[in-house]
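The values are calculated or read from the model by the stated rules, or taken from the named source; none is laboratory data. The model shown is predicted, which means the values in this text are computed figures rather than measured ones. Every residue, glycine among them, receives a Cβ derived from its backbone with ideal geometry; neighbour counts consider all protein chains shown. SASA here: full protein model, heavy atoms, side chains in, ligands and nucleic acids out. Shrake-Rupley method; radii C 1.70, N 1.55, O 1.52, S 1.80 Å.
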Amino acid sequence: MEKFILKYFNLIRTIIAILIGFIISVSLIFLVSKDSIAALGYLFLGPFGSISRIGNIVELATPIIFCGIAIAIPFQAQQFNVGAEGTFFISAAFGTAFALIIQGLNLPGFIYILVVLTFAGLMGAFWGFIPGYLKAKYRANMVVLTLMLNYIAYFISIYLINYHFRDKAAGYLTSYRLPETLFLKQFIPNTRIHIGFLIAIASVFIAYYFLYHTTLGYEIRMVGFNFHFAKYSGINVFKVIVLSSLIGGIFAGIGGMAEVMGIHRRFLWQSLPGYGWDGVVVAIIGHNNPILIMFAAFFLAYLRIGGQVLNLLSDVPYELISVIEAIIILLITAEAFLENVKYRITVREAEKEAFKNESSS
Amino acid sequence: MAIAISLRDIVKVYPNGVVANKKVNLDIEEKTIHAIVGENGAGKSTLMKIIFGVEMPQEGEIYVKGKKVTFKTPMEAIKSGIGMVHQHLMLAEDLTVVENLTLGIEPRKFKIFLDKKEMNNLAKKYIEKYKIEVPLEKKIKELPIGLKQRVEILKALLRNADILILDEPTAVLTPQETEVLFKSLKELKEQGKTIIFISHKLKEVKEIADKVTIMRDGKVIATDDASNLSEHDIARLMVGREVSFERIEESRHIGNVALKVENLSYFNREKIQVLKNINFEVREGEIVGIAGVEGNGQTELVEILTGLREASSGAVYVLGQNIVNKSVREIREMGVSHIPEDRMKNGVADKAKVKENLISDRYYKNNFSKMGILNYEYIDGASNELVKRFNILAPSIEAPVNALSGGNIQKVVVARELSSNPKVIIASQPVRGIDVGSEELVHNFIKDARDSGCAVLLVSADLDEILKLSTRILVIYNGEIVKSFDKVEGLTGVDLGPYMLGLKRGE
């Protein structure tokens, strides 16, 4: 039993953290709601209440998965690149602009989609390259760099769309509609789950394979584990810092454009949608492992949709769901949480071992 | 005689599951010098940390002068009259000696202003009383290590320590400095202090200690009067078997020059010249030892030779090719291997798997990967082979390196570095902080490499290691090679000491 606990300690800790978060949220709901039993039902079961709500979870998880991977790859190299937000946004904006510009070529649907997604990926790579290069070359602070670049990405994108690709016929600030051939098909009736979701799932496995089975992925992880060791071993740290940011950018870029092509069909954001930050959250919960990130993204999306249902149908405010989310994430990411329990078990086990050998010898 | 410290059934387990002390019982008599010896990992440092309140034991009792105590912090230990001089000295480098001495107990005027005069008087009083001379107005960073240590001892005395713990005080000292330290310790004993002295240099233990306690594997093996034990007895009890201190056999075949250093100079960022016009060569089949007190430019020299640092001027040739301005990988591909002085900083990624650590210099080569895709089948096979060949005790090649003991972590480093078919091996402190068993293994691996025609440069602060392995010895002092000994047979530490201290230099 004790050996089992030690082996799966991280998993058990995460589950306990989630349970405590739930207990706290249940108590909070009891405090604020007049009909708390119903409210609990909305929050926890609501997301599974209908096909369309399950669809909502998957739709929401899709961009979060892309951004989670985009964050995880530089994080694996210990580069605290939080630029997924801006990369996601600017790639979507430039991707939209590019799609509209080459519209006249009348490319066949599949090729058109491929070309536009490739362009968005390249845009993301470019936007990821900038902080990577500045960090590697000038030792600029990655967090500050990417935070500032998020603003730059935001304003450039808004300028591009509002001044050059704005659909004046629409009653609000938005780009022209994308041609229909470019739509990513929504393939499950009553939901908006689209081909982009499949691309996201494929990306999870590609990113996993990349990190754990390629030489570049190995280099990225070794730089992250111990920068001095990587340098001493002959790994080109400069290259790794630049490439980890660049490759992360590709995933954010494709994710941004897929969201436009699958859900909105035009670039209609006037503020940053926040998926990049959700990406940071799931990357941390998932320990930068793409497969765990996928589950974390579903979990986060589930919480959010539960919150929306709760907000819609009960007297509990939506803000509460942010509180619950924060508590759970705090507990998961607090490395020292339950650490003393682990220590006590370790001590007991070690003593048993040590004195067992003693008596036998 | 009265007992100063008494330990009963002390058990200490660290968070990673290592049991450092297994029911240790120990009595330290008052007014004696009591040496505690044992291999690294025997649990002596842990025991001292428990006495000083740095670590708390899970079980057991501590009595200081007959009174039961439980120290939660070093502050409480200090209040009970215990002082400790750590192996890595704990001094504020930018403050003066007198400021360090009175740190935390400064005499004050009106409770807020420092009373400098009183500070000086206080320090002088203690200097006179214990006859430990230190320059009061100098900054710590300007002092040589031996003097810094004296400051530490005095600092403990100023806090009214009756019981002094010294953790491997001689590890960083030259033979001459050691002598001065021992004189002070004897004086302190005369004045009624109790001294606990940790060491694994048996000669010193015989010289200074009244009582000796030998620890092994977390337990006390024996405690006896020093006069009843010979060096040989102590060594045997420490390791649990017979050990040889003899020099390894001489090189059979010395070949061409493999490593050549020419007029190498290096200035650091503060424009201080750390290496001054260094010249030497290492031939195939020989081990050249660089002896010196740490911090005399050895670290910089090794980093330049391995491409981690750029020289300011001069040249380094590996098999005739200049390596200046070459990358670490290019230098490694020319056949240079590097056992780094700080294995946890450079030698391994401690959270990565054993196999990932074993391939860090070759993962991109054929067989290990193809077109950028790692071939785990081959990697696992090669890793298992290295684990077997170098006798690495690891749960599996999938285990993270930090699950291994220090000696086995070093074996991971050595296995990687010696299995790459090197022509030149730069080994820096290759056995620092590992147990005697692993030490012997590592030394044998290095010797085997030498015999197969490698040129080995051995940089070590441990004179015994230098004397045991080297074909030739160079002494470095203050960034200069001040002396070279072409014949090592018959040399002792005392011969090297004056050069290491800069008191003498060769022609």
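Could you pull out the GluC sites (Glu not before Pro) across the stretch B:278-342 that fall in loop regions by DSSP (anything but H, G, I, E, B) with no more than 11 other Cβ atoms inside 10 Å?
Passing both the DSSP loop test and the Cβ count: B:GLU310.
For B:ASP162, enumerate residues with amide H under 5 Å from its amide H, sequence gap 5+ or separate chain, H modeled in the peptide plane.
So B:ASP162 has HN proximity to B:ILE82, B:GLY83.
If you put +1 on each Lys and Arg Cβ and -1 on each Asp and Glu Cβ, how big is the dipole of the stretch A:49-313 around its Cα centre, in Debye rounded to 20?
So the magnitude is around 220 debye.
Which helices count as membrane-span-like in chain A under these terms: full DSSP H, at least 24 Å along the axis by C-alpha, Kyte-Doolittle mean of 1.0 or more?
A:9-32, A:51-76, A:84-101, A:109-138, A:142-164, A:195-213, A:237-259, A:290-313
When Rg is the radius of gyration of the Cα atoms in the stretch B:257-500 and Rh is its Kirkwood radius, what does Rg/Rh come to?
Rg divided by Rh gives 0.97.
Quick one: grab the alpha carbon gyration tensor of the stretch A:134-212, order the square roots of its eigenvalues as a ≥ b ≥ c, and give me rounded if a/c is under 1.5, else prolate or oblate depending on whether a/b is larger than b/c.
Because a/c hits 1.5 or more and a/b fails to exceed b/c, the stretch A:134-212 counts as oblate.
By its C-alpha gyration tensor, with a ≥ b ≥ c as the square roots of the eigenvalues, how is chain A shaped: rounded for a/c under 1.5, else prolate for a/b larger than b/c, else oblate?
Because a/c hits 1.5 or more and a/b fails to exceed b/c, chain A counts as oblate.
Taking a 30 Å limit on the Cα-Cα distance, which of the listed pairs B:LYS139/B:LYS186; B:LYS22/B:LYS355; B:LYS44/B:LYS79; B:LYS31/B:LYS148 fall beyond it?
B:LYS22/B:LYS355
Under a 1.4 angstrom probe, counting protein chains only, how are B:GLU231, B:GLU179, A:GLU85 ranked by accessible area, largest first?
Final ranking, largest accessible area leading: B:GLU179, B:GLU231, A:GLU85.
To the nearest Å, what is the center-to-center distance of the stretch A:225-304 and the stretch B:123-189, using C-alpha atoms only?
56 Å
Once B and A are treated as a pair rather than alone, how much accessible area drops out, both sides summed, in Å² to 100, probe 1.4 Å?
2800 Å²
Run the reach check for B:LYS447 against lysines, Cα to Cα strictly under 21 Å, same-chain hits fewer than 8 apart removed. What comes back?
By straight Cα distance, B:LYS447 reaches B:LYS260, B:LYS388, B:LYS411, B:LYS423, B:LYS468, B:LYS487.
Report the residues of the stretch B:332-359 in range of a label on A:HIS287: point 7 Å along Cα→C-beta, backbone N strictly under 16 Å from it.
In the stretch B:332-359, the label zone of A:HIS287 (backbone N under 16 Å from the point 7 Å along Cα→Cβ) covers B:350-354.
Roughly how tilted is helix B:175-190, in degrees to the nearest 10 and between 0 and 90, from the longest Cα axis of chain B?
It works out to around 20 degrees.
Please work out how much accessible surface A:SER91 shows to a 1.4 Å probe, ignoring ligands, DNA and RNA, in Å² rounded to 10.
0 Å²
Could you work out which residue, out of A:LEU43, A:LEU216, A:LEU313, moves most in a Gaussian network model of chain A, that is, has the largest mean-square fluctuation with Cα springs under 10 Å?
Maximum fluctuation in the GNM of chain A, among the listed residues, is at A:LEU313.
Please identify, among A:THR146, A:THR118, A:THR214, the residue showing maximal mean-square fluctuation in a Gaussian network model of chain A using a 10 angstrom Cα cutoff.
Of A:THR146, A:THR118, A:THR214, the Gaussian network model singles out A:THR214 as fluctuating most.
How high is the FRET efficiency between B:ASP27 and B:HIS88 when r is their beta carbon distance and R₀ equals 30 Å, given to the nearest 0.05?
The computed FRET efficiency comes out at 0.60.
Which one of B:LEU181, A:ALA207, A:ALA258 has its Cα pushed farthest toward the positive end of the charge dipole of the protein assembly as shown, where Lys and Arg give +1 and Asp and Glu give -1 at the Cβ?
Of the candidates, A:ALA258 comes out farthest on the positive side.
Between A:PRO47, A:PRO189, A:PRO63, where does the largest GNM mean-square fluctuation fall for chain A, given springs only between Cα atoms within less than 10 Å?
Result: A:PRO189 has the largest fluctuation of those listed.
Assigning unit charges at the beta carbon (Lys, Arg +1; Asp, Glu -1) and nothing else, what dipole magnitude in debye, to the nearest 20, does the stretch A:244-361 show about its Cα centre?
It comes to approximately 280 debye.
Where the only charges are on Cβ atoms (+1 Lys, Arg; -1 Asp, Glu), what is the dipole of the protein assembly as shown about its Cα centre, to the nearest 20 debye?
1580 debye
Over the stretch B:3-239, give the accessible area per residue in Å² for a 1.4 Å probe, as an integer.
I get 45 Å² per residue for the stretch B:3-239.
Considering the options B:ASN346, B:ILE466, B:SER484, tell which one lies farthest towards the positive end of the dipole of the stretch B:257-500, charges being +1 on Lys and Arg and -1 on Asp and Glu at the Cβ, about the Cα centre.
Farthest along the dipole direction, towards plus: B:ASN346.
Would you calculate, for chain B, the mean residue ellipticity at 222 nm contributed by helices, counting each DSSP H stretch of 4 or more residues as -39,500 (n - 2.57) and dividing by all residues, to the nearest 500?
One gets -9000 deg cm²/dmol as the mean residue ellipticity at 222 nm.
Once amide H atoms are placed 1.01 Å from N in the peptide plane, what residues at a sequence separation of 5 or more from B:GLU59, or on another chain, have their amide H within under 5 Å of its amide H?
Residues meeting the amide H criterion: B:VAL11.
Over its Cα atoms, what ratio of radius of gyration to 2.2 N^0.38 Å does the stretch A:212-361 give?
That ratio works out to 1.51.
Take the Cα coordinates of the stretch B:3-239, assign each an equal point scatterer, and use the Debye formula without solvent to give log10 I(q)/I(0) at q = 0.08, 0.12, 0.15 Å⁻¹.
The Cα Debye sum returns log10 ratios of -0.30, -0.67, -1.03.
Restricting things to alpha carbons, tell me how big the protein assembly as shown is in terms of Rg and Dmax, in Å.
Expressed in Å, the Cα Rg and Dmax of the protein assembly as shown come to 32.8, 103.
So how exposed is A:TYR209, as accessible area in Å² (1.4 Å probe, rounded to 10)?
100 Å²
Using a probe of 1.4 angstrom, how much of the accessible area of the protein assembly as shown is carbon and sulfur, in percent?
On the protein assembly as shown, the fraction of accessible area on carbon and sulfur atoms equals 57 percent.
Could you tell me whether the stretch A:77-228 comes out rounded, prolate or oblate from its Cα gyration tensor? Rule is a ≥ b ≥ c as square roots of the eigenvalues, rounded for a/c under 1.5, then prolate if a/b exceeds b/c, otherwise oblate.
oblate
At what distance in nm do the modelled label points of B:ASP451 and B:ILE112 sit from each other, each positioned 7 Å from its Cα along Cα→Cβ?
The two pseudo-label positions are separated by 7.4 nm.
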